[in-house]
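What follows is one structure encoded as structure tokens, with my remarks underneath.
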């Protein structure tokens, strides 16, 4: 279904505000892409999502403002986020 021509500006504004869900807010790690390969060598597209957890972390200059962030587990393990 195609959008109405008058709504084009609204749709563009909405797309600019969308953030990618499977992306780490600390390191920017996102999904990796590749193929599932069967025994007969047929390839179908697939993606590997990083292990993203929604954590409450302290951010800001003094590190006193709690904020919810999407953080990958490798950043949590490395201590890049103050919880």
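FYI, it's all coordinate maths here, none of it is from the lab. Everything numeric here is computed off the predicted structure, so don't read it as measured data. Every residue, glycine as well, gets a Cβ built from its backbone with ideal geometry; the counts of neighbours run over all protein chains shown.
Could you work out the relative contact order of segment 19-78? I mean the mean sequence separation of Cα pairs under 8 Å and 6+ apart, divided by the number of residues, in percent.
Numbers: 89 pairs, mean separation 19.3, N = 60.
32 percent.
Please compute the length gained on full extension between residue 53 and residue 37, using 0.36 nm multiplied by the number of residues separating them and subtracting their Cα-Cα distance.
2.9 nm
If packing is taken as the average count of other Cβ atoms within 10 Å, what order do 28-34, 69-75, 51-57 fall into, highest mean first?
Taking the mean over residues of other Cβ atoms within 10 Å, the ranking is 69-75, 51-57, 28-34.
Whole percent per 10 Å bin, from 0 to the bin with the longest distance: what is P(r) over all C-alpha pairs of segment 19-78?
21, 37, 22, 13, 5, 2
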